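K.L.:
Starting off with a structure, shown below.
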Amino acid sequence: AVFRNLGSAYQAIGQAQMAFASFQQAVQLAPDDGLVYLKLAYFYEDFAKMDWDDAADHAERCYRYYLDSVDPEDTSVLTRLGNLLVREHKSEEAVAVYERVLALDSSLYNVWFNKAHAHIKVGANGAAIASLRKTLELQPNIAAATHMLRALSEEEADEATSVDEAYIRDLFNDY
């Protein structure tokens, strides 16, 4: 636990080598500690965003180990795993993970929205529309969901003459 926490502290201050060394020491001392694998998943996911070779695969394995050994119903970790899978072009797997999350808690509008993205990436526009409708049912003020729903509906897309300003503002702020 000490090395796990030390690794988290090093990671928080941007000392990746020391964080990794601490996590590795924690794994050596307690190879069944699922929490250290969760910390390693966060660590690897940060590197995956920087296109570090194999980091996403390591993050995925660590997330799965944590879910299998500590808490298979951790909706936050499941959601992160789904998001990682989408970024890694494994959208069909992501949909399955999101469905697992929603079976545990169907009120998570962000998961419905993420699931819509995954559906779009695999060409399942009908399923994406259903997920977007559920997103807006739960959280009606998500401009991106409204915009995506309009774009996916041929009738609404043909009738559109402008883009929602809230969507443009949110998109700009995200960048």
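The values are calculated or read from the model by the stated rules, or taken from the named source; none is laboratory data. Since the model is a prediction, treat every value here as computed from it, not as a measurement. Reconstructed Cβ throughout: ideal geometry from the backbone, glycine too, with neighbour counts over all protein chains shown. In case anyone asks, the SASA skips ligands and DNA or RNA and just uses the protein heavy atoms, side chains included. Shrake-Rupley method; radii C 1.70, N 1.55, O 1.52, S 1.80 Å.
K.L.:
Any lysines with Cα under 18 Å of the Lys39 Cα? List them, leaving off those in the same chain fewer than 8 positions away.
P.N.:
Lys49
K.L.:
Against the longest principal axis of the chain, how steep is helix 16-29, in degrees 0 to 90 to the nearest 10, with axes from Cα atoms?
P.N.:
60 degrees
K.L.:
Same structure again: For a quick check of your reading of the filter: which trypsin sites (Lys or Arg not before Pro) in the stretch 1-69 sit in a DSSP loop and have no more than 13 other Cβ atoms within 10 Å?
P.N.:
Lys49
K.L.:
Cut-off under 13 Å on the C-alpha distance; same-chain residues fewer than 8 positions from Lys121 excluded. Which aspartates and glutamates are left, in chain and number order?
P.N.:
Filter leaves Glu88, Glu92, Glu93.
K.L.:
Can you tally the net charge around Asp74? Count Lys and Arg as +1, Asp and Glu as -1, for every other residue whose Cβ sits under 13 Å from the Cβ of Asp74.
P.N.:
Net charge in that neighbourhood comes out at -1.
K.L.:
Between beta-carbons, use under 14 Å as the cut-off and find the net charge around Ala59, counting Lys and Arg +1, Asp and Glu -1. Walk me through the numbers before you get to the answer.
P.N.:
On the way: positive: Lys39, Lys49, Arg61, Arg64, Arg80, Arg87, Lys90; negative: Glu45, Asp46, Asp51, Asp53, Asp54, Asp57, Glu60, Glu88, Glu93.
Value of the local net charge: -2.
K.L.:
Hey, another quick one. Let me cross-check Trp52: its accessible surface, 1.4 Å probe, with only protein heavy atoms counted, in Å² to the nearest 10?
P.N.:
We get 120 Å² for Trp52.
K.L.:
Between Gln28 and Met50, what is the FRET efficiency for a Förster distance of 30 Å, r being their Cβ-Cβ separation, to the nearest 0.05?
P.N.:
Numbers: r = 26 Å, r/R0 = 0.87.
Using R0 = 30 Å, I get an efficiency of 0.70.
K.L.:
I've got another one for you. Compute the angle between helix 143-152 and the longest alpha-carbon principal axis of the chain, please, reported from 0 to 90 degrees and rounded to the nearest 10.
P.N.:
60 degrees
K.L.:
Given the rule -39500 (n - 2.57) for each run of at least 4 DSSP H residues, summed and divided by the residues of the chain, what is its mean residue ellipticity at 222 nm, to the nearest 500 deg cm²/dmol?
P.N.:
-24000 deg cm²/dmol
K.L.:
Something else: Cut-off under 18 Å on the C-alpha distance; same-chain residues fewer than 8 positions from Lys134 excluded. Which lysines are left, in chain and number order?
P.N.:
Candidates past the 8-residue exclusion: Lys115.
K.L.:
What's the carbon and sulfur percent of the chain's accessible surface, probe 1.4 angstrom, rounded to a whole number?
P.N.:
Numbers: 5100 of 10220 Å².
Carbon and sulfur: 50 percent of the exposed surface of the chain.
K.L.:
Now for a different question. Any idea of the accessible area per residue across the chain, 1.4 Å probe, to the nearest Å²?
P.N.:
Accessible area per residue: 58 Å².
K.L.:
Let me ask you something else. Taking only Cα atoms, what is the 0 to 90° angle, nearest 10, from helix 125-138's long axis to the longest principal axis of the chain?
P.N.:
Once rounded, the angle reads 80 degrees.
K.L.:
Using the Kirkwood radius built from alpha carbon pairs, what does the Stokes-Einstein equation give as D for the chain at 4 °C and 1.567 mPa s, in µm² per second?
P.N.:
73 µm²/s
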